[in-house]
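The values are calculated or read from the model by the stated rules, or taken from the named source; none is laboratory data. Note that this is a predicted model, so its numbers are computed, not measured. All Cβ positions, even for glycine, are placed from backbone atoms using ideal geometry, and neighbour counts span all protein chains on display. These area figures cover heavy atoms from the full protein model, side chains too; ligands, DNA and RNA do not enter into them. Shrake-Rupley method; radii C 1.70, N 1.55, O 1.52, S 1.80 Å.
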Amino acid sequence: MKLPLSSAVAERLDWLPSVGSTNDALRERATGPDAAAWPDLSVVATDTQTQGRGRLGRTWTAPAGKCLAVSVLLRQPIGSSVLPPDSLGWLPLMAGAAMTQVVRSLIEGEVGHATSVHHHPVASLKWPNDVLIDGAKVSGILSELVPSTGVIVGAGLNISLTESELPVSTATSLLLSGVQHASLDAALAGYIINLSRLYRDFVRFEGDAVQSGLHALVTALCGTLGSPVLAELPGGEVVSGIAREIDELGRIGIDRDSDGWRVVVAAGDITHLKV
């Protein structure tokens, strides 16, 4: 596949006609004998991923040619004093913000060309790293640490899935959201541009999300804030309440229903509850 826009903005881009997992493929390249040829912000992508993974060991599958799967190598975090360990929790949020911006731009482009629009879909970031359109998931992020190498950030974007092809009823696609002519190359290029800019600013400010502007951007894009949520924590505890803020480490603060105390969540499954 020819990807002139994406090829022009990526440090290195390998497009694969089909692959089990773009994260695995990028890891093999970044840690193999030719590792030096894979610089920071290198990319592996495909529209046919057969063994994709989600968070907590979940599988992520889609019909061939219907979704974008992309993995980006971030070499800076490992072996560097630039990014402290407690800043790495921002990387999946960063990728989610970059993808939310892309989805918003694609929706805006479609609306701009439409002769009549009855409903303007709204894309937002669900903490920590899902992208939703009108509450339905269109994109997910999976970040994986690669010892002695860096972090690989994988993302999947549902582009042209029909309703019968959705993996779950809570998912959607750009097509189902009214984006009739989504360009895979434009989506990939936009994501690479956004993520690269956010990442470089983050590194320049030594992992300070506030100073780099990442904290403000994520807060502005995050539809979880102000919403009633149910948080299932890694230890099995369940917290319900109103999500109020994202702190300087990327954790979300939830004012608990039971007593009003704020619970700070660093990792967990968040469910948006209907009002």
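One table, with the values for the structure above:
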{"read-out": "Chain lengthening between Thr31 and Val122 when straightened (0.36 nm per residue, less Cα-Cα)", "value": "28.8 nm"}
{"read-out": "Theoretical FRET efficiency, 1/(1+(r/R0)^6), r = Cβ-Cβ of Leu16 and Arg256, R0 51 Å, to 0.05", "value": "0.65"}
{"read-out": "Compactness relative to 2.2 N^0.38 Å, alpha carbon Rg of the stretch 119-175", "value": "1.33"}
{"read-out": "The chain: antiparallel DSSP beta bridges as a percent of all, rounded to 5", "value": "85 percent"}
{"read-out": "Cα shape, the stretch 137-218, gyration tensor, a/c 1.5 rule", "value": "prolate"}
{"read-out": "Arg204/Glu248 FRET efficiency (R0 22 Å; Cβ-Cβ; nearest 0.05)", "value": "0.80"}
{"read-out": "Local electrostatic count, Gly213, Cβ distance below 15 Å [Lys/Arg +1, Asp/Glu -1]", "value": "-1"}
{"read-out": "Anisotropy class of the stretch 185-234 from Cα gyration tensor, a/c 1.5 cut", "value": "oblate"}
{"read-out": "Where the chain is the region considered: accessible area per residue in Å², 1.4 Å probe", "value": "46 Å²"}
{"read-out": "Farthest toward positive dipole pole in the chain [+1 Lys/Arg, -1 Asp/Glu at C-beta], among Thr22, Leu132, Leu249", "value": "Thr22"}
{"read-out": "Relative contact order of the stretch 197-272, defined on C-alpha pairs under 8 angstrom at six or more residues apart (%)", "value": "24 percent"}
{"read-out": "Quarter of the Cα convex hull surface for the chain, i.e. its orientation-mean projected area (nm²)", "value": "15.0 nm²"}
{"read-out": "Sequence-separation-based contact order of the chain, relative, with Cα cut under 8 Å and 6+ spacing, percent", "value": "17 percent"}
{"read-out": "Binned Cα-Cα distances of the stretch 138-275, short to long, each 10 Å bin given as a whole percent", "value": "10, 29, 36, 23, 2"}
{"read-out": "Theoretical FRET efficiency, 1/(1+(r/R0)^6), r = Cβ-Cβ of Asp86 and Glu165, R0 45 Å, to 0.05", "value": "0.65"}
{"read-out": "Of all accessible heavy-atom area on the stretch 119-275, the percent that carbon and sulfur account for (1.4 Å)", "value": "53 percent"}
